[in-house]
Structure formats: C-alpha cells, structure tokens
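Report on the following structure.
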Amino acid sequence: MFRNCRIIGRRFRLAHVHFGHEVIEVATFRGVSETDSNKQMLDKEGRLLRDNVYGNIEEDVWRRDFTVNALYYNIKDFSVVDYVNGMDDHKAATLKLIGEPIVRFREDPVRMLRAVRFAVKLGFKIDGGCQQSIKDMAELLGGIPAARLYDEVLKLFLFGYALQTFEMLRQYALFQVLFPCTEQCLASEENSFPRQLIIKALQNSDNRIAEGKSVTAYFLFASLLWEPVQQLAKEKLKQGLPEFMAYQDAANEILSQQVKITALPRHISLSIRDVWGLQPKFNTRVGSKPSRLITHPKFRAAYDFLLLRAESGGVDSELVDWWLRYQNASENEQRKMTAPPRKKSQANSTSRKRNNRKKTVDSLTDSQN
C-alpha cells in the first residue's frame with residue numbers, strides 16, 4: 001500500500017513505513033501453524049528461529065510475551081481488548097508471562113532481558129514463577145546472536161535506569177552471561193560487592209539522561225569492561241611488559257572475548273580503545289606530551305573516565321585536579337606547568353654564576369670609584 005515501505009527482519013517480518021525522519025513500524029497478527037515449517041521454525045532447544053505465520057487477533061494474543069503487553073486498542077470504539085487479564089496484572093504492577101515460563105523463555109531467551117527492563121522501567125515486580133525460571137535458564141542467552149544482544153544491552157543501560165538494571169541483572173544471573181569477564185572480577189570482591197567505578201559510571205549515565213544530556217555506548221562499555229582490562233594489565237606488568245603495551249594487549253584480549261557475546265561495532269570498539277589507551281598517558285605531565293594529549297579527539301571522554309577512576313579511588317585526585325587546571329590555563333601558564341624541574345646542581349651552578357657576575361660588577365664599580 002505504501003511505496004515508502006521497507007520489509008525488515010527474517011525471524012519476525014515487520015514493515016517499516018517511512019515518512020521523512022519518522023518510521024511507523026507495522027506488524028500483522030501472528031498465528032500458529034503446525035504444517036508450514038518454512039514460516040515457523042524452532043531449534044532443538046525450542047527457540048523460535050522463524051515465525052512469519054499470519055493469523056487473527058485471537059491467535060495473536062497467545063504469541064505475546066507478558067500479559068500487560070497483550071492489550072489491544074480498538075480504534076473503532078476506542079476500547080481496550082484484554083484476553084489474558086492484562087489489566088488486572090497492570091493494576092497489581094506484576095509482570096506475568098502468557099503460558100509456561102520454561103516454554104516461553106526457550107522460544108526466545110531475550111524475554112528474560114525484557115522482563116528485567118520492563119520491571120525496572122515500570123516499577124513492576126516479576127511474577128514468582130518467572131523469577132525462578134530466569135535464574136534456571138539464564139545460560140540460554142548464550143545462544144542468541146551477538147548483534148541482537150548488543151542492541152538489547154543498549155536498551156537495558158541507556159534508558160535512564162542503568163544502575164537498577166545492573167543490580168537486577170546480577171540478581172537473576174543474567175549479567176554474568178552478558179559480561180562474563182566483568183562478573184569474574186566482581187565475584188572476587190568481598191561479599192560480591194561491585195567495584196565502585198561501575199556504580200559511579202552507571203549512576204552518572206542515569207543522571208545525564210535525567211538532565212536531558214546525551215550518553216554514548218562506547219563510554220558505557222569502557223566502564224563495564226575496565227575492571228577486567230585493569231586486572232589483566234596488572235598481570236602483564238608483572239611479566240615485564242611496559243605499561244603501554246600491557247594495557248594495549250589487555251584491551252585487545254578483553255574486547256575480542258566481549259565481541260563474541262555482544263557484537264560491538266568497529267567504531268565503538270575503537271573509541272573504547274582510545275579511552276583506555278589514554279589513561280596511562282595522563283601520568284606524563286612534563287614536556288610536550290600534555291599539549292599533544294589535550295588535542296586528541298577523545299581527550300574529553302578520557303578525562304571524564306579519569307575522573308570516574310578518581311571518584312572510585314582508582315587514581316589520585318591530585319592528578320585529576322592538575323589536568324583540570326591545565327585545560328583552563330593560558331598557553332604561557334601551560335608551558336610553566338609542564339616545564340621540567342631544574343636539577344639541584346644546575347640551580348646551584350646558576351646561583352654561583354649569578355654571584356660571580358655580581359662580584360665582577362662590584363669590582364668594576366670599586367675600581368672606577
């Protein structure tokens with residue numbers, strides 16, 4: 001019906017109708033077919049690989065995930081059609097799956113992440129049967145394509161409730177599937193208390209969104225993966241590698257593992273490397289290196305990351321204060337701040353020369369008199 005329409009998706013076919021910058025997403029009612037395997041396909045674990053069977057509203061309702069997500073708005077009489085007591089669950093602020101949780105989570109394990117996201121965002125509680133099933137079936141997320149999990153992670157952490165989401169993901173053993181290297185570091189802490197940098201970063205992200213400011217995916221991932229990078233870098237430093245190479249190799253290893261789980265786009269991974277790679281360079285405050293560092297395209301993000309490290313006790317706050325003064329200083333002041341300190345012998349030599357010159361001048365003055 002629309003020339004400006006594009007059909008997308010292979011697993012679930014959708015129509016995107018474009019009107020300038022606006023996109024209207026259209027889906028048909030879904031049905032259930034036991035005869036046409038080309039339209040509906042499950043893998044050996046019961047996960048839906050393809051589901052393009054069209055049906056009517058009575059069939060479609062049973063394909064929805066949660067009861068509160070199965071409410072239909074009738075444009076003829078402006079009523080809400082409810083087949084599964086979704087309105088009652090909405091009033092009770094409860095997320096309840098339609099059907100058996102084990103079956104529904106096997107069909108699409110991402111529903112476990114949706115449960116967490118909806119619960120946090122809406123302030124709902126997850127139904128008891130769903131809670132236990134999520135804990136038991138969290139590992140099924142490992143079979144989801146990495147590209148899809150990357151999109152889901154952005155939805156989880158970039159909608160203004162990142163800190164609460166992080167805590168709930170850990171509660172249901174989902175975080176360890178999404179970020180196994182980070183979870184391993186967190187588990188090494190006393191009582192599994194999360195390291196402060198992650199807490200500070202997620203809280204900062206929530207505050208920025210609340211203030212209407214932008215947040216970036218690369219800064220989020222840089223914060224979530226920093227602890228395993230730092231831990232691995234320390235091991236490489238003990239092996240005798242220079243600091244820069246130790247952090248570079250650690251970053252390569254951690255990112256190569258993470259990209260298999262959440263398919264980080266190349267521009268995201270490059271920005272993450274920049275933020276991490278600039279951290280050791282903040283330690284050099286003499287000579288021309290500070291002036292070159294401050295012109296780096298990712299300097300501001302790297303400095304913000306340094307600030308997070310200081311707030312969480314990972315670096316001396318004096319270093320952060322120095323770089324703040326350096327950014328606001330004039331060129332002449334910056335040169336003074338980065339001038340190499342004179343050695344004591346040089347200072348003494350300069351003082352002796354000054355005294356000798358003074359004696360010579362005094363002698364000449366006396367002879368003239």
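Just a few scattered comments:
This table checks each residue for (1) in contact (Cβ under 8 Å) with a residue 12 or more places away in the chain; (2) within 18 Å of Ile199 (Cα to Cα); (3) under 19 Å from the mean Cα position of the chain (by Cα); (4) buried (at least 17 other Cβ atoms within 10 Å of the Cβ).
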{"position": "Pro297", "(1), (2), (3), (4)": "yes, no, no, no"}
{"position": "Ala302", "(1), (2), (3), (4)": "yes, yes, yes, yes"}
{"position": "Leu306", "(1), (2), (3), (4)": "yes, yes, yes, yes"}
{"position": "Arg309", "(1), (2), (3), (4)": "yes, yes, yes, yes"}
{"position": "Leu319", "(1), (2), (3), (4)": "yes, no, no, no"}
{"position": "Arg325", "(1), (2), (3), (4)": "yes, no, no, no"}
{"position": "Asn328", "(1), (2), (3), (4)": "no, no, no, no"}
{"position": "Glu331", "(1), (2), (3), (4)": "no, no, no, no"}
{"position": "Lys336", "(1), (2), (3), (4)": "no, no, no, no"}
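- Remark: Ile254 matches the filter, which requires a residue to be in a helix (DSSP H, G or I), within 18 Å of the chain's Cα centre (by Cα) and of a type in the set (Val, Ile, Thr).
Each row is one residue, and each column tells you yes or no for (1) modelled with pLDDT under 95; (2) assigned by TED's automatic domain parsing to the domain that holds Asp321; (3) in contact with a His (Cβ under 8 Å, 6 or more places away or on another chain).
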site: Phe244; (1), (2), (3): yes, no, no
site: Tyr247; (1), (2), (3): yes, no, no
site: Gln258; (1), (2), (3): no, no, no
site: Thr284; (1), (2), (3): yes, yes, no
site: Phe299; (1), (2), (3): no, yes, no
site: Tyr303; (1), (2), (3): no, yes, no
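Matching residues to (1) in a helix (DSSP H, G or I); (2) surrounded by fewer than 19 Cβ atoms within 10 Å (Cβ to Cβ):
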| position | (1), (2) |
| --- | --- |
| Trp62 | yes, yes |
| Val68 | yes, no |
| Tyr73 | no, yes |
| Asp89 | yes, no |
| Gly99 | no, yes |
| Arg106 | yes, no |
| Met112 | yes, no |
| Ala115 | yes, no |
| Cys130 | yes, no |
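- Of all residues in the range 189-208, none are over 25 Å from Arg170 (Cα atoms) and either surrounded by fewer than 20 Cβ atoms within 10 Å (Cβ to Cβ) or hydrophobic (A, V, I, L, M, F, W, C) (or both).
- Residues that are touching a residue at least 60 places away in the same chain (Cβ under 8 Å) and closer than 22 Å to Leu178 by Cβ do occur in the range 244-256, at least one of them.
- Wholly within the range 144-193, helices (runs of 4 or more DSSP H) carrying at least 1 residues that are out of contact with any Leu (no Cβ under 9 Å at 6 or more places or on another chain): 146-157, 162-171, 180-187
- Some residue of the range 192-212 being in contact with a helix residue (DSSP H, G or I) (Cβ under 8 Å, 6 or more places away or on another chain), basic (Lys, Arg) and over 22 Å from Ala301 (Cβ atoms): no
- Gly9 being modelled with pLDDT of 90 or more and small (Gly, Ala, Ser): no
The values are calculated or read from the model by the stated rules, or taken from the named source; none is laboratory data. None of the values given here were measured: they were computed from a predicted structure. Methodologically, a virtual Cβ is constructed for each residue, glycine included, from the backbone with ideal geometry; neighbour enumeration extends over all protein chains shown.
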